[in-house]
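Asks: Encoded as structure tokens, here's the structure I'll be asking about.
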Amino acid sequence: MLEQSYYDKTDEIIASHGARESSLIPIIQDIQSEYRYLPPELLSYVAGKIGITDAKAYSVATFYENFSFEPKGKYVIKVCDGTACHVRKSLTILERLYTELGLSKEKVTTDDMMFTIETVSCLGACGLAPVLTVNDKVYPAMTPDAAAELIQELRSEG
Ligand code: FES
């Protein structure tokens with residue numbers, strides 16, 4: 001169960017875009033940017049408010065890969081494993097991050113909700129390989145040690 005404040009915030013977001021079907025995507029984008037994920041309860045709630053079925057809202061949200069139904073950490077780290085990064089050993093960076101954070105392919109978010117680790121197929125910055133991003137800020141020419149230091153810095157920022 002979500003707290004009432006989530007529904008109040010969602011009401012505000014719906015009001016700012018208009019309670020109609022064509023507003024679905026901007027509404028759920030705003031919800032995701034507010035909470036860093038799209039709580040399934042709120043997706044149903046929005047569907048009811050704009051007069052579409054849950055199934056329709058769900059199919060739109062799942063069509064777009066950037067919507068996440070799982071809560072994510074404060075820092076979302078995306079490790080590129082596209083070809084250019086892969087040949088420059090991006091997987092060793094990923095492994096180091098998993099080790100530093102006690103995460104794995106199956107468990108991608110720390111229990112304190114500070115970090116989420118994802119992989120992506122190309123971040124469009126191949127000349128800077130291997131690359132990772134933290135909340136969309138690009139970190140070029142990474143190494144496992146540099147990635148571990150980055151985690152320490154982010155932890156100390158809190
Ligand atoms: S392959 Fe990593 S940025 Fe393109």
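The values are calculated or read from the model by the stated rules, or taken from the named source; none is laboratory data. Just so it is clear, the structure is predicted and the values come from calculations on it, not from any experiment. Positions of Cβ are backbone-derived with ideal geometry, glycine not excepted, and every protein chain shown enters the neighbour counts. Accessible surface is based on the protein model in full, side chains and every heavy atom, while ligands, DNA and RNA are left aside. Shrake-Rupley method; radii C 1.70, N 1.55, O 1.52, S 1.80 Å.
Asks: Pairing the Cα long axis of helix 54-63 with the longest principal axis of the chain, what angle in degrees results, from 0 to 90 and rounded to the nearest 10?
Replies: Relative to the chain, helix 54-63 is tipped by roughly 30 degrees.
Asks: Another question about this same structure. Using a 1.4 angstrom probe with every protein chain in place, what is the largest-first accessible-area order of Met113, Met1, Met142?
Replies: Per-residue accessible area, sorted high to low, gives Met1, Met113, Met142.
Asks: Heads up, I need the accessible area for Glu153: 1.4 angstrom probe, whole protein in place, Å², nearest 10.
Replies: 100
Asks: Then there's this: Which percentage, to the nearest 5, of the DSSP beta bridges contained in the chain is antiparallel?
Replies: Approximately 55 percent, going by the DSSP bridge assignments.
Asks: Return, in residue-number order, each cysteine of the chain whose C-beta is not under 4.7 Å from any other cysteine's C-beta.
Replies: Isolated Cys, the chain: Cys122, Cys126.
Asks: A follow-up question, please. Set the Förster radius R0 to 22 Å, insert the Cβ-Cβ distance between Glu3 and Asp111 as r into 1/(1 + (r/R0)^6), and round the FRET efficiency to 0.05.
Replies: 0.65
Asks: Sort His86, His17 by heavy-atom solvent-accessible area, probe 1.4 angstrom, most to least.
Replies: My answer, sorted largest first, is His86, His17.
Asks: To make sure I understand the rule: partners must be lysines, Cα under 17 Å from the Cα of Lys78, and not fewer than 8 residues away in the same chain. Which ones qualify?
Replies: Lys89, Lys105, Lys107, Lys137
Asks: Next question. Among 44-53, 90-99, what's the highest-first ranking by average C-beta atoms within 10 angstrom per residue?
Replies: Most protected by this proxy first, the peptides run 90-99, 44-53.
Asks: What is the list of residues in the stretch 112-131 whose amide nitrogen lies under 13 Å from a point 7 angstrom out from the Cα of Val138, following Cα to Cβ?
Replies: 122-131
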